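The values are calculated or read from the model by the stated rules, or taken from the named source; none is laboratory data. Note that the structure is predicted; figures quoted are calculated from it, not measured. Here Cβ is always computed from backbone atoms with ideal geometry, including for glycine, and neighbour counts include all displayed protein chains. The area values use the complete protein model at the heavy-atom level, side chains included, leaving out ligands, DNA and RNA. Shrake-Rupley method; radii C 1.70, N 1.55, O 1.52, S 1.80 Å.
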Amino acid sequence: MNKRILVPLALLVLAALTLTACGGGGSSDEDKITETIETAATTSDPSNCTELETLSFVEQNTTEKGKAAIKACEAEAEAGEEEAEGANVSNVSVSGSKATAEAEFEGGSLGSQSLEVALVEEDGNWKLDQIEGFAEYDGKALGEQFQKQFEKEPGELEPAQAKCISGKIAGLGQAEAEEVFFGGSAEKIIELAQSCA
């Protein structure tokens, strides 16, 4: 299995959080944060890689650093990677120019999962800064979502490989899954996929 096939595993996570510009229609920080996360879950636009995501966030969700990470993010957005149908935002906590929130996704590769995300305010706009981890984790459901994504892209993986990878994802504990998907490196994902080659 070549690396080109393995990279989409890492990118599926970012696809669920790709952002578009939101007009800041909410009046409070909590409203703006909620709007940003909801928009992030359901839309994509290459400009969001710089306008609504920090470099730290982009680097965490690609296998690249610096300008290369921005280019990878923009290319993924242009490719129109799948998005969630919606997101339910809760537990927003604001402390000055920093905030955290939980987001539960409907559909997409992170359907039925709840993430804790950190945001920062820059020039009056809230940006995603980092995925802190899973607020609520269901490994079985995560594995099922990946299997559905693999089925949507026939030919990328052999059916047996897709089933093996989905099964291994389903078997990950929360700490392992956070390391694989949010650790900022493709190494763990590649290891997981190669074990199914």
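Before moving on, here are some points about what is shown:
- A residue that is β-branched (Val, Ile, Thr), modelled with pLDDT of 90 or more, open to solvent by 20 Å² or more (accessible area, probe 1.4 Å) and out of contact with any helix residue (DSSP H, G or I) (no Cβ under 9 Å at 6 or more places or on another chain) can be found somewhere in the stretch 16-39.
- Residue-level check: of (1) in contact with a helix residue (DSSP H, G or I) (Cβ under 7 Å, 6 or more places away or on another chain); (2) under 21 Å from Thr62 (Cβ atoms); (3) open to solvent by less than 50 Å² (accessible area, probe 1.4 Å), Glu179 misses just (3).
- Within the stretch 126-177, restricting attention to residues that are within 15 Å of the chain's Cα centre (by Cα) and among the aromatic types (Phe, Trp, Tyr), the residue that is modelled with the highest pLDDT is Phe134.
- Subset tally (residues that are touching a residue at least 60 places away in the same chain (Cβ under 8 Å) and among the basic types (Lys, Arg)) for the stretch 96-129: 1
- In the stretch 130-155, of all residues being open to solvent by 60 Å² or more (accessible area, probe 1.4 Å) and in contact (Cβ under 8 Å) with a residue 24 or more places away in the chain, the one that is nearest to Gln60 (Cα to Cα) corresponds to Gln130.
- For the stretch 52-81, the set of residues classified as modelled with pLDDT under 85 and surrounded by fewer than 17 Cβ atoms within 10 Å (Cβ to Cβ) consists of Glu78, Ala79, Gly80, listed by residue number.
- Residues located in the stretch 33-54, provided they are under 24 Å from Gly107 (Cβ atoms) and part of a helix (DSSP H, G or I): Ile33, Thr34, Glu35, Thr36, Ile37, Glu38, Thr39, Ala40, Ala41, Thr42, Asn48, Cys49
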